[in-house]
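Here the structure is laid out as structure tokens; the discussion comes afterwards.
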Protein chains: 4
Amino acid sequence: MPIKKQKYNPEDDLGFGSQPVIKSQPLIRQDGSVNVKRVGLPVFRPYDNYHKLITMKWGKFWLLILACYLAINVIFASIYLAIGVQNLNGAEGTNTFEHFWDAFFFSAQTISTVGYGHISPKGMATNSVAALESMMGLLAFALATGLLYGRFSRPSAKITYSSNLLVAPYMEDHHGLMFRLANLRRNTLIDLDIEVIFSFNEDVDGKIMRRFYQLELERKNVSILTLNWTVVHPLNDKSPLKDMTPEDLQKSQATFAVLLKAFDDTFSQTVHSRTSYQHSDLVWGAKFKPTFDRDEDGRIVLDLSKIGDFSSIELPPIQKN
Amino acid sequence: MPIKKQKYNPEDDLGFGSQPVIKSQPLIRQDGSVNVKRVGLPVFRPYDNYHKLITMKWGKFWLLILACYLAINVIFASIYLAIGVQNLNGAEGTNTFEHFWDAFFFSAQTISTVGYGHISPKGMATNSVAALESMMGLLAFALATGLLYGRFSRPSAKITYSSNLLVAPYMEDHHGLMFRLANLRRNTLIDLDIEVIFSFNEDVDGKIMRRFYQLELERKNVSILTLNWTVVHPLNDKSPLKDMTPEDLQKSQATFAVLLKAFDDTFSQTVHSRTSYQHSDLVWGAKFKPTFDRDEDGRIVLDLSKIGDFSSIELPPIQKN
Amino acid sequence: MPIKKQKYNPEDDLGFGSQPVIKSQPLIRQDGSVNVKRVGLPVFRPYDNYHKLITMKWGKFWLLILACYLAINVIFASIYLAIGVQNLNGAEGTNTFEHFWDAFFFSAQTISTVGYGHISPKGMATNSVAALESMMGLLAFALATGLLYGRFSRPSAKITYSSNLLVAPYMEDHHGLMFRLANLRRNTLIDLDIEVIFSFNEDVDGKIMRRFYQLELERKNVSILTLNWTVVHPLNDKSPLKDMTPEDLQKSQATFAVLLKAFDDTFSQTVHSRTSYQHSDLVWGAKFKPTFDRDEDGRIVLDLSKIGDFSSIELPPIQKN
Amino acid sequence: MPIKKQKYNPEDDLGFGSQPVIKSQPLIRQDGSVNVKRVGLPVFRPYDNYHKLITMKWGKFWLLILACYLAINVIFASIYLAIGVQNLNGAEGTNTFEHFWDAFFFSAQTISTVGYGHISPKGMATNSVAALESMMGLLAFALATGLLYGRFSRPSAKITYSSNLLVAPYMEDHHGLMFRLANLRRNTLIDLDIEVIFSFNEDVDGKIMRRFYQLELERKNVSILTLNWTVVHPLNDKSPLKDMTPEDLQKSQATFAVLLKAFDDTFSQTVHSRTSYQHSDLVWGAKFKPTFDRDEDGRIVLDLSKIGDFSSIELPPIQKN
């Protein structure tokens, strides 16, 4: 595989290092996440909490909120019990179990600032705890407000990629490596930039090294994404892939990482999307089917479910120049 | 129409494809929205909800909030009724209808955390539901807070464009295609960039293809927009429009898409504005009237209602060089 | 005044137009605001409300909030009165005046969701209005929360500029036009870019036109602003100012607009600052005094009150080359 | 030290001035903060309040919130006392001390909008104050919400740097100055840019001046930071360090300022990190140990605690060219 030497180590560009990739362990997964386990971190990392709360799944998030609400009420109920339930005017419980629930519901009414008042605090201690709790309640829900807004307004792109990389005819007498993408969201994406990084294991004097190449693309950016975008890497003489066979790619654990950057018009935010293709996602000799058509009014109709549809085609022989 | 071949397909630049445009179906509408119908999307798209809630009309937004408030109260009222209205201390209703309203208003007082207390919960079940409801209430209004802030702070430009594209005298002996724009908002726009894309249907061996050209402009950016900006495309030898007649433009469904990018000084956000002109918006031989004058103190007065005003003028013959 | 012709009209760059400037009416004021009166706007401009609420003075903002609070309570009090004050349990007023205040304070307790409950709603109508009011109250304070956050987090730079533009010795045998700036805020400003635009009235065949020139600067950007920055325009052969006398500048209403762009490290926002100098702010033959010194520990002490301090100096004759 | 003259004063680039640096007083501290004392500021600086509240330590922040809550309640309690405690229905205190606490807790219940109602306002004056207080309460917690969100969402990078700068073998026959960095956070950093500024005291005709040089790096940016990044300054002929000995560096108070810029994928924000190395942090003849390995599944495991680990190595003699 006679590949052109590059001045800088392209692996630095991705910070991936030159360790060979083992089957089913690519560095960037198909969903775009980075496949690295991180250890040696400090145990207490407050700077990661906000990130965790913002990125966790919604179900888990609501459960966490509910759990905190219960836990805080249990704690405050215990404090009210410790001070003495006789300081809760209107509490009608007659045994410890009922006392606890009186204190628990009084706490809930205080922290949520509902304050019906059929149970009300009496005496310095209980009044002080209640005053503190209502303040804490407001701050806790201030926190929740911030978190909810942070979760909602988090910039993110929902890009759908074709499941396969096609080797298709390109221009008059060339082949091109192609994949296709479209925006699943209703917002308009503008100023899109794309980068495709091809990596494979290379045997250098018996030592297996990982090599990285940024593939040259027909076009690296588009102004606005209204329909779909077919990204093309021409398989010409400058391509590191030009002499590789499907077997070579499989043997060398070839992967293609895709890094997309765009500007979200609705929220004025730069958004990113990543994906990766494995050698097994390649189809040699195929062509994408069109994704859009016209309705009776002449309006273009884009079918996003067809983004990965392709038909087989015989590859013409490449004209050598 | 002998137009210079471009290296890359410019239609890719807009992701518009090469499908011909049919009358009254331009790809970018005059209000800047993209005229594409999208199908084949997953039925459940939670990632679009925030976008919808942020971009819907205000009237619809308030109605939705009100409807949710009513619906939630109806649901909780039903739960309180199911548990038994005797667990609502102070509820004075004597029949099911009155019981329901007692429960409904108790629910409203709980979810809004008003909690007057003339009706108050009794027993484990009712107390638990009320505690949950008051928490939900706070979270719901936390959501509303986030949405309201998101709606308000959404970056957007209010640009007014002249209704017409003029073909006017330009420099000493040339013609220029011109339109004019100004900022309707009080904020200051800086670092403005503009792009004008000209597209038309071309008959290529009987097959009608859509062609796209980015028009060269006298200037593509200005530092600050204080008054108005007249955008000029010189109709010189390099222009794809240079030999086209009004009839050519009409026959080929010519449209001009305008993409404007600016930086909003008040909110530190990049904002975008788009519009489009159809061939019927062109006026051959006209000149914009001035939009600003001086008041008695010498201060410049900008009249934004005059942004589209023009007067007819005879076009001088072009000097061929 | 033999000034080099520029390819593009530099007035377009600022969108200022070529109207001559009249005394005390520069286009950019010293505080950086744009001195243009805008008329011909639509009467109803909802898109300007948020901008107004975010940029108004704090005193005015609080007064507006208070006024709204009073007005809303008066409206709701009137509604409760209209429905009948007998539907407010616990209201003890005995005449219309007292009835009104009972209703008013009940409204205040409802909209703020305090809901003491010593006055409580009775009957469908009053209960419904109260339920609506408490919801409105929460939404209104959600709005206030968003506005307060929007006001606080609004990106803005507090740059202090020297009051004068100095013509000082520069390099070995040249003159330079200089002013000085520093950051009044505690945050760190990085990636600063500056632009200085010189404008004056020119008599072109009896018609007075405004001319604009972007002055070439010794350096247009700095990486980080830790102390102060002295911005220098070398008065060399390429300067449009090179042959101008103080009298020329006065006669031609010369002004210098300064546009500064920086990145605020604390809030990750691009911030802007603008100012302008009039011909009367120029001092011919002066040099800035240092603004910083060392304390006993060797630490640098920056005195921000000295940013405009200068001492007179005799200008050396310029070496012509 | 024959160092290449630069066209512009590089000290301007950092705004650091040419004052020599004294021991233990570098201009940028290791934690990235700027070591400058600022005086001569206006006494009243409202524009710094938000910045202070956003950047203060969490402990201090919560104490301040608590202190404000107490202070406001004391003030309002005093007002209620002044109006007369007989206007607080349900207050059962019998002496001034108890009266005060009744008023205090009533105030707390009002400002937090809990409003149990066992104490309720009577008469115009007390009702008016309570109505005002509840509005203030909501606004105060609106402020707190904004501040909490502002604190949480504040863009910041947590980068761990190696404790030492190594002089290590580089390429085949050169030396390189190296340090290493990694992201402590779980978020993905992309589009990283780095700048290293070398500064030292130089004796110019008996006057000690501070000199600044931006060091040329093997690579100034990487696309994505997945593992670690070893930043390398080649010690070749163009390096201002090429003839300096450890003794030279110590004598001239050499420091290396590191400015890192990156894009945080999760929050769509540009983040910055700064650090500095002193001459005493240099290790001549050392090599970083690897920070990552593979677990049994072939997945890469990055140990962030090893970021500074190095082993001594003999430096090969440099090949002069």
Is it true that B:L315 is touching a strand residue (DSSP E or B) at 6+ places or on another chain (Cβ under 7 Å) and crowded, with 21+ Cβ neighbours inside 10 Å?
no
Quick one: count up the residues across the range D:238-268 that are within 24 Å of A:F263 (Cβ to Cβ), in contact (Cβ under 8 Å) with a residue 24 or more places away in the chain and of a type outside the set (V, I, T).
7
When residues of the range D:159-179 are limited to those that are in a loop (DSSP other than H, G, I, E, B) and in contact with a strand residue (DSSP E or B) (Cβ under 7 Å, 6 or more places away or on another chain), the one farthest from the other protein chains (Cβ to nearest Cβ):
D:N164
C:Q253 - would you say it is surrounded by 20 or more Cβ atoms within 10 Å (Cβ to Cβ), at pLDDT below 85 and within 22 Å of C:G32 (Cα to Cα)?
no
Here is a check on your reading of the model: is D:D237 surrounded by fewer than 17 Cβ atoms within 10 Å (Cβ to Cβ), at pLDDT 85 or above and part of a strand (DSSP E or B)?
no
Give me the pairs, please: first residue somewhere in the range B:81-101 and farther than 18 Å from B:G115 by Cα, second residue anywhere and hydroxyl-bearing (S, T, Y) and surrounded by 14 or more Cβ atoms within 10 Å (Cβ to Cβ), beta-carbon distance under 6 Å, and either six or more positions apart or on two chains.
B:I83/B:T126
What residue, of A:M171, A:M178, is of a type outside the set (F, W, Y) and out of contact with any Lys or Arg (no Cβ under 9 Å at 6 or more places or on another chain)?
A:M171
For D:T110, are the conditions met, namely being in contact with a Ser or Thr (Cβ under 6 Å, 6 or more places away or on another chain), at pLDDT below 90 and within 9 Å of another protein chain (Cβ to nearest Cβ)?
no
From A:L138, A:L181, which residue is closer than 28 Å to A:Q253 by Cβ and crowded, with 20+ Cβ neighbours inside 10 Å?
A:L181
Of A:G90, A:G146, A:G117, which residue is within 7 Å of another protein chain (Cβ to nearest Cβ), at pLDDT below 90 and at positive phi?
A:G117
Here are the criteria: (1) without any contact (Cβ under 8 Å) to a residue 60 or more places away in the chain; (2) closer than 15 Å to C:S273 by Cα. Tell me which single one C:L215 does not satisfy.
(2)
Step by step: first the residues of the range A:258-309, then only those that are over 27 Å from the mean Cα position of the chain (by Cα), modelled with pLDDT under 85 and assigned to a loop (DSSP other than H, G, I, E, B), then the one that is surrounded by the fewest Cβ atoms within 10 Å (Cβ to Cβ). Which residue is that?
A:E296
With the condition kept exactly as written, say whether any residue in the range C:183-205 is more than 30 Å from C:F256 (Cβ to Cβ) and either among the basic types (K, R) or in contact (Cβ under 8 Å) with a residue 60 or more places away in the chain (or both).
no
Output the residues belonging to the range D:202-221 that are within 12 Å of another protein chain (Cβ to nearest Cβ) and either among the aliphatic types (A, V, I, L, M) or assigned to a strand (DSSP E or B) (or both).
D:R210, D:F212, D:Q214, D:L217, D:N221
Which of the residues that make up the range B:253-290 are touching a Ser or Thr at 6+ places or on another chain (Cβ under 9 Å) and among the aliphatic types (A, V, I, L, M)?
B:A254, B:A257, B:V258, B:L259, B:L260, B:A262, B:V271, B:V283, B:A286
Sort through A:L227, A:L166 and tell me the only one that's in the same structural domain as A:K306 (by TED's automatic domain parsing) and at pLDDT 90 or above.
A:L166
Step by step: first the residues of the range C:106-144, then only those that are over 24 Å from A:I111 (Cα atoms) and free of Cβ contacts under 8 Å to residues at least 24 places away in the same chain, then the one that is farthest from the chain's Cα centre (by Cα). Which residue is that?
C:M124
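Hey, could you check the range D:87-96 for residues that are in contact with a Ser or Thr (Cβ under 9 Å, 6 or more places away or on another chain) and not in a loop (DSSP other than H, G, I, E, B) and say which is surrounded by the fewest Cβ atoms within 10 Å (Cβ to Cβ)?
It comes out as D:N89.
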Flag for C:L235 being in contact (Cβ under 8 Å) with a residue 40 or more places away in the chain and on the phi < 0 side of the Ramachandran plot
yes
I'd like the residue in the range B:61-82 that is among the hydroxyl-bearing types (S, T, Y) and in contact with a helix residue (DSSP H, G or I) (Cβ under 6 Å, 6 or more places away or on another chain) and, out of all such residues, is surrounded by the most Cβ atoms within 10 Å (Cβ to Cβ).
B:Y80
The one condition D:A131 fails out of (1) surrounded by fewer than 19 Cβ atoms within 10 Å (Cβ to Cβ); (2) in a helix (DSSP H, G or I) is (1)
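The values are calculated or read from the model by the stated rules, or taken from the named source; none is laboratory data. What you see is a predicted model, and the numbers here were worked out from it, not measured in a lab. When we count neighbours, we look across all protein chains shown, and the Cβ atoms used for this are built from the backbone with ideal geometry, even at glycine.
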